[in-house]
Structure formats: structure tokens, C-alpha cells
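Q: Below: one structure in C-alpha cells.
The values are calculated or read from the model by the stated rules, or taken from the named source; none is laboratory data. What you see is a predicted model, and the numbers here were worked out from it, not measured in a lab. Glycine also receives a Cβ, built like all others from the backbone with ideal geometry; neighbour counts cover every protein chain displayed. Calculation scope for accessible area: heavy atoms of the full protein, side chains included, ligands and nucleic acids excluded. Shrake-Rupley method; radii C 1.70, N 1.55, O 1.52, S 1.80 Å.
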Amino acid sequence: MKTRLLKQTVMKGLMILSAAILLIGFSSLIWTIFSHGLPYMSWEMVSSIPGGGFYIGKEGGILNAILGTVIITTVSAAIALIIGSGVVLVLNLYAKRFRRTVSTIRMVQDVLFGIPSIVYGAFAFAIMISFGLRTSMLAGIITVTLLILPIMIRAIDEVVRQIPEDLVNSVFSLGATRLETAGVLLRQALPGIVTAIMLSVARAAGDAASLLFTSGYSDNLPFSPDQPAATLPLAIFFQLSSPIAEVQGRAYAAALILTLIILIISLSAKWISSRLSKHRIR
Amino acid sequence: MRLRLLKDRTSVIVFWSFTVLSISTLIAIGVGLGIKSWPLFETQSLSDLFFSDTWRPLSGKFGFLAFIAGTLWVTAISLILAVPISVLTALYLSEFAHPWVRKVFLPIIDVLSGIPPVVYGVWGVLVLVPLVTSLSEFVGAFSFGYSVLAGGLVLSLMITPLMISIILDVLGSIPTVYREASLSLGATRWETTWQILARKARPGILAAVILSLSRAFGETIAVLMVCGNMPMLPQSVFDAGYPLPALIANNYGEMMSIPLYDSALMMAGLVLFVVIVFFNLIARVVLFRLETELQ
């Protein structure tokens, strides 16, 4: 009897230990980013583009990368939202009778979700060189859209699946068409859709591997879709590999900015979706 | 009335074409990478490609062994570190922890899974690389710190949130009846957790591990920043490694200048693609079966 309880105590200790290790790793990550980034944060960093001697430590900021990230992520999230909602509606409304087809589509989406962004990048790059295209913001947007589409679909699908069948049936029984029913479904899924958007935006904003190939890098502000555009992850990546301390410091500051953007996005997603879910029918 | 029906018909066509479009990405990626890497298959035999470690692009010798070994080292280290921690933490959160502990922990896991790889990379360079250097001095080995161990450490923190959230899902879907039955027979909480719940959830835990494995396998930037990138076979955890994704990311710019180089890089992409699709399919089938079984 004693040994059984002893075993439980020991295992509980181990479990708390592993949770603690995780907590230490997490705190170390956050602490490192803040403590290294804060000293190099300045208004100049977020409000100006790289000046003449930026990469040897002279004046300038990373406004180009911040804007590039914002534009690429919002545009691709918008496209992915439109396409993704369509796919979710097919899964939950239009093709619901064909169970095998629906579960196959879900499976494929899951597999697409697992494919690393470097593979998306390499694939997009292969397509681009076949057509003789150069790196551009547009290519980056297309690649990121492909990358976040499965995330969007999975996240929205998860919520739409929970909607009671009775609701759908009663909407149909009032004589609504499938498209009109779809509108009702999507409104019910609104909190989930907000979460889906935020998840995809966070993933898109943080992705460096696929954009390395497709959107290129530029010191100018990103205003034309056929020109290369800078993004924050790549700004961090390139500046960190510099031997000059000042430039490395800017990489830390950029990492802090990116982390803050992601934190704000995910916290506001939680807040918005909890507010929106007040009006859901369960 | 007519207009409503017309709108409905159009929506069917539009939404289905979205679906077909998104699904065909999978095939397009496979076929695209396959076509691009085909020229390499024609000049070199498969065993030369995968079991030789001579990487001399200038003389047309492309042996992937060093890169495959680098990927395997990093992935293995990250799993060895992350699996026990994730499983224990997930069991703790689901079966033992006070509600307030859960309230603190779950948001942390969300935040961790949202933090971009490049930020993990910065953390790796600043914290883990020096840590690995002092560790190697401590055990009497030599290391610059940029090593497969550093890569594995970064990855283990990166994949933990994914693994924990899948395991928590699986544990949460096990009916409470099992717990009550086991406890009422006099089993301790730990015995119930380990012998009933963990056993019931074993396929799910396996699937979580496989999914995290494929995440670790394909992760690029974070690993690239800390693991040294030298095309050699790592002999110990303190040696530098050069995983496949890093190979692609580091060399895409030179693709055009050396013949067959682009094929070689696309081949690296194809290998990642095939391995990951394979693992993902297995994991998803397991999770799907488990879900239908538990309901």
C-alpha cells in the first residue's frame, strides 16, 4: 500500500518537474527577447526605412519590414479567409452526404497543414523560375496564402462542426437556399472565424522560410506588388548574422517587435472571440 | 425567386472549385518537386544520392547522407527531450493539476505555439549556444556551441506546445466513467492515469509524437540559426550538423549558377515532402480511428 502511494508521489513530482522545465524554457525565451531587445528599441527603429549605412550600424529603421509583414499577412489572410470559408461550407453543408469525400478532404487539409513552409517556398520558387518570374511581394502573398489556407480551414471547420444539426435543419425548413443557410452557419461560427484569422495571421507574420524564396528583400517601402518586399522575420534573420554589434542589436529589437505583434494578435483574438460568442446558439 | 436559386447554384460551383483548388496543392507540390528533381535521378543512382556523404556541387557530386544525418540527429534529440516532458506535463494538466494551474498553463502553451520560429532562433543563439559551449567544456568535449544539440534544444521547446495540446485533446475525450471505475476499485490516481488513461490514449500520444516529429523534421529557420551548418556527419551531440531544410534555405540563391544544383535542392525538398506526408497520413489515420473508437 505504502509503495503505491509513494510511487504516486514520485510520479507527481516528476510531472511537476517537467511542467517547471517547460515554464523555465518559456520564461527564458520571453526574458531573453525583452532584455536584449529593449535597449535597442527606439522610435527610429519603427518609423524609418534603412538609411545609407544601415547595415554597418548607421541610421535607419525597419519600417519597410514591418509594413511588408503587415501587408503580406493581411492580404493573404483575407484571400485565405474567402477560399477557406468556401471549403468549410463544402465540408459541412454542400457535401455533407458524401462522408468518405468529406473525411478525405479533411485528411488532405491536415496533411497540407503539416507540410513545412520551406517546402512551400521551394515549390513556389520552382514554379517561379519555370515561368521566369522574379521575387516579388505578390509571389510572397500567394505562397503565404497556400501556407495558411489549411490552418484557416481546420480552425473554422472545428467550430462549424460543433453547430447543432437542428439549427441547419430549421433554417432549411424555412425555405432557405444552401447559400442562405451558409450565411447563418458562418454567423454562428464568427468567434471561431476570428480565432482562425488570428492563428493564420500569426503564422503568416512569423514565417520566414517560404518568404526567403518568394518575396525577396528590399530596403524600400513595399508599395508595388511586383517588387520585392522585406518582412520582419527576414530582417531579424539577416541582421543577426551581421558581425556588427549595433546591427545585431537591431535584430533583437526586431525580434521584440515581432513577438509583441504576435502577443497582441493572440490576446486580442481571445478577447474578441469571447465577446462574440455571447450571441451563439448552442 | 429565380435569382436566389441562381446565386445558390453559383455558390456550389465556386465553393467546390475552391475545395478542388486547395486539395490539388498537395498533388501539385509533389509533382512539381518531382519534375524539378528528376534530372538528378537520371545522373546518379539512388544509393549514391542517399548513402554518400560527398557533397561537391561543382563537380556534380550530390550525396545527401550528411544532410539526412543532420536532420535525423536534430529530430531525434528534440524528441528525446520533448516527448517525456510533454507527456508528463499533459497528464499533469489533465489529471492532477488544480484548475488555476491549468488556467495559467494553457495560455502559455498557446503563446508558445504562436511565437515565430525566427524568435526561437534568436533565443537559441543568445541562450542555448553559450549553454551548449559551457556544457561541452564541462564534459571535456570541444564545441563552438553551434551544434545539433543546440538545434535539438530549440526544436524541443518549439514542438512541446503542439504535442501537449494534442495529448490534452485525446485525454479530454476519454469518458470520465473510466476514471470513476478505476478509482472506485481502489486504484490510486497515478495508477488510474498511467494504466487506464495513458493506455487508452496511447495511439493518440503516438500520433502526437509523429506529428511533432514531422514538425521538427521540416523546421528551417530556427534550426538553421543554431546548428552550425557544416556538411559533415555529426559524430556527437556537440558537433555541427546541416539539416535538409537548412540546405535548401542557405543555397537557393546559387541554384542557377551550378548545373543540377537546383535539382539537388528540389530533391531535398521532395525528400522532406515525402517523409512528412507519409508520417502525417499515419498520424491522422491513427487519430481518426481513436476518435471513432472513443465515441
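Q: What percentage of all Cα-Cα pairs in chain B are separated by more than 28 Å?
A: 52
Q: How large, in percent, is the carbon and sulfur part of the accessible surface of the protein assembly as shown at a probe radius of 1.4 Å?
A: Carbon and sulfur: 68 percent of the exposed surface of the protein assembly as shown.
Q: Still on this structure, I have one more. Averaged per residue, what accessible surface does chain A expose to a 1.4 Å probe, in Å²?
A: Counting only protein heavy atoms, the per-residue value for chain A is 45 Å².
Q: Considering the dipole of chain B built from charges on the beta carbon (Lys and Arg +1, Asp and Glu -1) around the Cα centre, which of B:69, B:294, B:224 is farthest to its positive end?
A: B:294
Q: Further question: Using the charge dipole of the protein assembly as shown (Lys, Arg: +1 at Cβ; Asp, Glu: -1 at Cβ; taken about the Cα centre), state which of B:281, A:105, B:243 has its Cα farthest towards the positive end.
A: A:105
Q: How large is the helix-only mean residue ellipticity at 222 nm for chain B, computed as the sum of -39500 (n - 2.57) over DSSP H runs with n ≥ 4, divided by its residue count, in deg cm²/dmol to the nearest 500?
A: Value at 222 nm, helices only, nearest 500: -23500 deg cm²/dmol.
Q: Additional query: If I require 18 Å or longer along the helix axis, counting alpha carbons, and a Kyte-Doolittle average no lower than 0.0, what helices from chain B are left? Use full DSSP H segments.
A: B:2-43, B:65-91, B:99-114, B:148-172, B:202-218, B:261-294
Q: Checking an interface number: how much accessible area is buried between A and B, summed over both chains, with a 1.4 Å probe, in Å² rounded to 100?
A: It comes to approximately 7000 Å² buried between A and B.
Q: Another question about this same structure. Taking every pair of alpha-carbon atoms in the stretch A:157-282, give the share separated by more than 19 Å as a whole percent.
A: Summing the P(r) tail past 19 Å for the stretch A:157-282 gives 64 percent.
Q: Return the single residue from A:14, A:256, A:232 with maximal mean-square fluctuation; model: Gaussian network over chain A, springs between Cα atoms under 10 Å.
A: Looking only at A:14, A:256, A:232, the biggest GNM fluctuation is shown by A:14.
Q: Normalised by the number of residues in the stretch A:43-279, what is the relative contact order in percent for Cα pairs under 8 Å and 6+ residues apart?
A: So the answer I get is 28 percent.
Q: Using a loss threshold of 50 Å², tell me which positions in the stretch B:82-100 are less accessible in the complex than in their chain alone. Probe radius 1.4 Å, ligands and nucleic acids ignored.
A: Checking the loss per residue gives B:85, B:88, B:92, B:96.
Q: Could I ask something else about it? Regarding chain A, what's the average projected area of the Cα-atom convex hull, expressed in nm²?
A: 21.8
Q: With a cut-off of 8 Å between alpha carbons and a minimum separation of six or more residues, what is the relative contact order of chain B in percent? Write down the numbers at each step before the final one.
A: Numbers: 393 pairs, mean separation 79.5, N = 295.
About 27 percent, as a whole number.
Q: Per-residue ellipticity at 222 nm for chain A, helices alone: DSSP H runs ≥ 4 residues times -39500 (n - 2.57), over residue total, nearest 500 deg cm²/dmol?
A: -24500 deg cm²/dmol
Q: Moving to a separate point now. Taking the Cα centre as origin and putting +1 on Lys and Arg beta-carbons and -1 on Asp and Glu beta-carbons, what dipole magnitude results for chain B, to the nearest 20 debye? Intermediate values should be presented prior to the final figure.
A: Working: 17 positive and 16 negative charges, 209 e Å.
With Lys and Arg at +1 and Asp and Glu at -1, about 1000 debye.
Q: Beyond 30 Å between alpha-carbons counts as too far, so tell me which of A:7/B:103; A:2/B:103; A:270/B:200 fall in that bin. Walk me through the intermediate numbers first.
A: Values: A:7/B:103 27 Å; A:2/B:103 32 Å; A:270/B:200 32 Å.
Result: A:2/B:103; A:270/B:200 exceed 30 Å.
Q: Treating only the Cβ atoms of Lys and Arg (+1) and Asp and Glu (-1) as charged, compute the dipole magnitude of the stretch A:125-282 about its Cα centre; round to the nearest 20 debye.
A: 460
Q: Work from the charge dipole of chain A (Cβ charges, +1 for Lys and Arg, -1 for Asp and Glu, about the Cα centre) and give the residue of A:34, A:81, A:67 farthest towards its positive end.
A: Projecting each Cα onto the dipole axis, the largest value belongs to A:81.
Q: Between B:133, B:176, B:54, find the one with the highest GNM mean-square fluctuation for chain B; connect C-alpha pairs within less than 10 Å.
A: B:176
Q: Another question about this same structure. Across peptide B:216-223, what mean number of C-beta atoms from other chains lies inside 10 Å of a residue's C-beta? If you can, show how the numbers build up before the last one.
A: Numbers: counts 1, 2, 7, 4, 10, 11, 2, 0.
Counting Cβ atoms of other protein chains within 10 Å of each residue's Cβ and averaging gives 5.
Q: Still on this structure: Report the semi-axes of the equivalent ellipsoid for the protein assembly as shown in whole Å, largest first, where each axis is √(5λ) for an eigenvalue λ of the Cα gyration tensor.
A: 36, 33, 25
Q: Figure the gain on full extension for residue A:158 and residue A:34 (residue separation times 0.36 nm, minus the Cα-Cα span) and round it to one decimal in nm.
A: Net length gain for the segment: 41.2 nm.
Q: Follow-up. Ignoring ligands, DNA and RNA, what accessible area per residue does chain B give at 1.4 Å, in Å²?
A: 44
Q: Quick check for you: which residues of the stretch B:195-212 have the amide N under 18 Å from the point 7 Å beyond the Cα of residue B:181 toward its beta carbon?
A: Of the residues in the stretch B:195-212, B:195-203 have backbone N under 18 Å from the label point off residue B:181.
Q: State to the nearest 20 debye the size of the charge dipole of the protein assembly as shown about its Cα centre, where the only charges are +1 on K and R beta carbons and -1 on D and E beta carbons.
A: With only Lys, Arg, Asp and Glu charged at Cβ, the dipole is about 2160 debye.
Q: When Lys and Arg each count +1 and Asp and Glu each count -1, what net charge do the other residues less than 11 Å away from residue A:118, Cβ to Cβ, add up to?
A: Value of the local net charge: -2.
Q: Next up: Amide H to amide H under 5 Å from residue B:55: which residues, 5+ apart in sequence or cross-chain, H placed 1.01 Å off N in plane?
A: Those lying under 5 Å, H to H, from residue B:55 are B:63.
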